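Chemist: Dumping the structure here so I can ask a few things about it.
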Amino acid sequence: QRGVKRIEALVTGFTQSQFGDINSIELENGESVYSDFVFDCSGFKRLIVGKLYNTPWISYKNKLTVNSALTFQLPQTKTINPYTKAIAMKYGWMWKIPLQDRFGCGYVYDSSLISEDDAVKEIEEFLGYVPTYPRKDKGGFKFNAGCYEEPWINNCVAVGLAANFVEPLEATSIWVSIVELTQIFDNPLWLFENSNEIRQEFNKNI
């Protein structure tokens, strides 16, 4: 009813104007989606702000040295606590999030101080037993804490993981995404004016 169209397809590329604006999104099925404004929600693939525009990345490594995470699951207890636990470990910290049927957990650590095998040993020593590792064959996650210098470039704004990443606790990323979208949609004329001054103010704030 509102004219919203959902297309499920893989993005293969973009066409740009002489000024760098994205004119269309090219899809694997041969279709072109013409665009006035684009939100880059491509997650860790960072297709537009990262790869297309090659925006400088600001690393937080000198302040946040953790760069790896190992996820695991624990069985749910009879009482579901309404909070997430952040537990100090030897080389980082552990999260424990209550879900309806289990606890979602993970150990975030600095890989320059401990190997993944040693992280597994520390988890199991802390718990006193072996938990379920959903990614046992794939191993843990590697990440680089930081953000892009300019999440808004030309006619594109990167949102969520496409713009930044701090640590594997979704509340941080969700909050930043809400701040971004609130700033934009509280000022809808920004999308039409799209001036250098507006982009600079937005990027500085984010």
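The values are calculated or read from the model by the stated rules, or taken from the named source; none is laboratory data. Nothing here was measured: the structure is a model prediction, and the numbers come from that model. Positions of Cβ are generated from backbone atoms using ideal geometry, with glycine treated the same way; all protein chains shown enter the neighbour counts. The protein model used for the area step is the full one, side chains on, heavy atoms only, and it has no ligands, DNA or RNA in it. Shrake-Rupley method; radii C 1.70, N 1.55, O 1.52, S 1.80 Å.
Chemist: Can you find even one residue in segment 179-188 that is modelled with pLDDT under 95, under 24 Å from Ser24 (Cα atoms), among the β-branched types (Val, Ile, Thr) and open to solvent by less than 50 Å² (accessible area, probe 1.4 Å)?
Modeler: Yes, because at least one residue in segment 179-188 is modelled with pLDDT under 95, under 24 Å from Ser24 (Cα atoms), among the β-branched types (Val, Ile, Thr) and open to solvent by less than 50 Å² (accessible area, probe 1.4 Å).
Chemist: Out of everything in segment 8-29 that is open to solvent by less than 50 Å² (accessible area, probe 1.4 Å) and among the hydroxyl-bearing types (Ser, Thr, Tyr), what residue ends up being farthest from Lys45 (Cα to Cα)?
Modeler: So, considering only residues that are open to solvent by less than 50 Å² (accessible area, probe 1.4 Å) and among the hydroxyl-bearing types (Ser, Thr, Tyr), the one farthest from Lys45 (Cα to Cα) is Ser17.
Chemist: Among Ser32, Ser68, which is the only one that is without any contact (Cβ under 8 Å) to a residue 40 or more places away in the chain and either more than 25 Å from the chain's Cα centre (by Cα) or surrounded by 11 or more Cβ atoms within 10 Å (Cβ to Cβ) (or both)? Even if it seems obvious, please write down each step before you answer.
Modeler: On the way: Ser68 fails: without any contact (Cβ under 8 Å) to a residue 40 or more places away in the chain.
From the options Ser32, Ser68, the qualifying one is Ser32.
Chemist: Return the residues of segment 78-126 that are touching a residue at least 12 places away in the same chain (Cβ under 8 Å), polar (S, T, N, Q) and surrounded by fewer than 14 Cβ atoms within 10 Å (Cβ to Cβ); say none if nothing qualifies.
Modeler: Scanning segment 78-126 gives Asn81, Gln100, Ser112.
Chemist: Further question: Between residues in segment 4-29 that are touching a residue at least 12 places away in the same chain (Cβ under 8 Å) and residues that are acidic (Asp, Glu), which pairs lie under 6 Å by C-beta distance while being six or more apart or on different chains?
Modeler: Pairs found: Ala9/Glu28; Leu10/Glu28; Thr12/Glu26; Thr12/Glu28; Gly13/Glu26.
Chemist: Of the conditions (1) under 30 Å from Gln16 (Cβ atoms); (2) touching a Ser or Thr at 6+ places or on another chain (Cβ under 7 Å), Lys142 satisfies every one except a single condition; which number is it?
Modeler: Here Lys142 meets the rest and fails (1).
Chemist: Also, I was wondering about something else. Quickly run through segment 144-160 and pick out the residues that are surrounded by 13 or more Cβ atoms within 10 Å (Cβ to Cβ) and in contact with a helix residue (DSSP H, G or I) (Cβ under 8 Å, 6 or more places away or on another chain). Let's see the steps before the verdict.
Modeler: In the first step, residues of segment 144-160 are kept if they are surrounded by 13 or more Cβ atoms within 10 Å (Cβ to Cβ); the result is 145-148, 150-160.
Correct list: Tyr148, Glu150, Pro151, Trp152, Ile153, Cys156, Val157, Ala158, Val159, Gly160.
Chemist: Check Phe44, Phe14 and return the single one that is outside any loop (DSSP other than H, G, I, E, B), modelled with pLDDT under 95 and either among the polar types (S, T, N, Q) or touching a helix residue (DSSP H, G or I) at 6+ places or on another chain (Cβ under 7 Å) (or both).
Modeler: Details: Phe14 fails: modelled with pLDDT under 95.
Among Phe44, Phe14, only Phe44 is outside any loop (DSSP other than H, G, I, E, B), modelled with pLDDT under 95 and either among the polar types (S, T, N, Q) or touching a helix residue (DSSP H, G or I) at 6+ places or on another chain (Cβ under 7 Å) (or both).
Chemist: Counting only residues that are in contact with a strand residue (DSSP E or B) (Cβ under 9 Å, 6 or more places away or on another chain), of a type in the set (S, T, N, Q) and under 16 Å from Lys121 (Cβ atoms), give me the strands (runs of 3 or more DSSP E) lying completely in segment 59-110 with at least 1 of them.
Modeler: Output list reads 68-75.
Chemist: Give segment 22-58 a look and list any residue that's touching a strand residue (DSSP E or B) at 6+ places or on another chain (Cβ under 8 Å) and among the acidic types (Asp, Glu), or say none.
Modeler: The answer is Glu26, Glu28, Asp40.
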